Number of protein chains: 2
Amino acid sequence: MGDIRSMVESYWATAQARDWTAFADTLAVDVSYELPQTRERVLGREAVVRFNVEYPGEWSVEVERIVADDRQAVSWVRVTVGEEEEQGIGFFTAGPDGRIQSIVDFWPEAYQPPAGREHLVERF
Amino acid sequence: MGDIRSMVESYWATAQARDWTAFADTLAVDVSYELPQTRERVLGREAVVRFNVEYPGEWSVEVERIVADDRQAVSWVRVTVGEEEEQGIGFFTAGPDGRIQSIVDFWPEAYQPPAGREHLVERF
């Protein structure tokens, strides 16, 4: 099945291509997808595929970085919808057959920097 | 100097211990610390140490997960201040001497789940 890094690369490439059959093939049958920020969980390959199929907006995803060891990977991606860009971070684990067993996804949003640290920071 | 995984473990352990000398020793002299959500950047070991020394609140940090390859690592941590918990994700790279060369830190906040996907999700 290949390693977890290539599985995660395939997860994003097939999502971007809307190739949902190949996307499903990266996922274990009993995959778990969690969003800690909303405390939502999606269980099972079919539901996780549908969650992505039904995700609204004409989004486009580009991988910024993937870090992986033998059984785990993390991806940092940039998702654009029109002029808007969001950054997402996903923690992946591999199941016994090498497919993705679990995903924990974070979608951090922009916020105003707190006062009191201007002497240490620059803006970009 | 050890690998980037143990350097990141030491980064968090020494931060938690407020052992700022040992904390500084995990960082390259020209380390870069970035917060994409606020578009802030802190440059150099001295400023990054001060940023952490001066960070307000009686925070306590616990490592949830670290994923690392040879030159990169990602940490997912839980930071508590009183009753409040925040989750942080940091992307680390190693410099030539094995110390931390760059950190990109995300602090995702809780939000309400969007409507329209209740048929696919459970809450936790």
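The values are calculated or read from the model by the stated rules, or taken from the named source; none is laboratory data. Since the model is a prediction, treat every value here as computed from it, not as a measurement. Every residue, glycine among them, receives a Cβ derived from its backbone with ideal geometry; neighbour counts consider all protein chains shown. To get the accessible areas, we keep the full protein, side chains included, count just its heavy atoms, and leave off ligands, DNA and RNA. Shrake-Rupley method; radii C 1.70, N 1.55, O 1.52, S 1.80 Å.
List of remarks:
- For segment A:79-101, a tally of residues being closer than 16 Å to residue B:38 by Cα and of a type in the set (Lys, Arg) returns 0.
- Odd one out for residue B:76, checked against (1) touching a strand residue (DSSP E or B) at 6+ places or on another chain (Cβ under 6 Å); (2) on the phi < 0 side of the Ramachandran plot; (3) more than 7 Å from chain A (Cβ to nearest Cβ): (3)
- Applying the set (1) touching a helix residue (DSSP H, G or I) at 6+ places or on another chain (Cβ under 7 Å); (2) over 18 Å from residue B:107 (Cα atoms) to residue B:7 leaves exactly one unmet item: (1).
- Looking across segment A:28-42, just one residue is buried (at least 16 other Cβ atoms within 10 Å of the Cβ) and more than 14 Å from chain B (Cβ to nearest Cβ), and that is A:28.
- Only one entry of A:71, A:65, A:41, A:18 meets the criterion of being touching an Asp or Glu at 6+ places or on another chain (Cβ under 7 Å) and basic (Lys, Arg), and that entry is A:41.
- Residue tally, condition surrounded by fewer than 15 Cβ atoms within 10 Å (Cβ to Cβ) and modelled with pLDDT of 95 or more, over segment A:1-27: 6
- Exactly one residue out of A:9, A:46 is out of contact with any His (no Cβ under 6 Å at 6 or more places or on another chain) and within 10 Å of another protein chain (Cβ to nearest Cβ): that is A:46.
Rundown of residues vs (1) modelled with pLDDT of 95 or more; (2) open to solvent by 60 Å² or more (accessible area, probe 1.4 Å), yes/no style:
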| site | (1), (2) |
| --- | --- |
| A:44 | yes, no |
| A:62 | yes, yes |
| A:65 | yes, no |
| A:72 | yes, no |
| A:78 | yes, yes |
| A:82 | no, yes |
| A:87 | yes, no |
| A:92 | yes, no |
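- Residue count for segment B:102-121, restricted to those that are open to solvent by 30 Å² or more (accessible area, probe 1.4 Å), more than 8 Å from chain A (Cβ to nearest Cβ) and either among the charged types (D, E, K, R) or more than 17 Å from residue A:33 (Cβ to Cβ) (or both): 2
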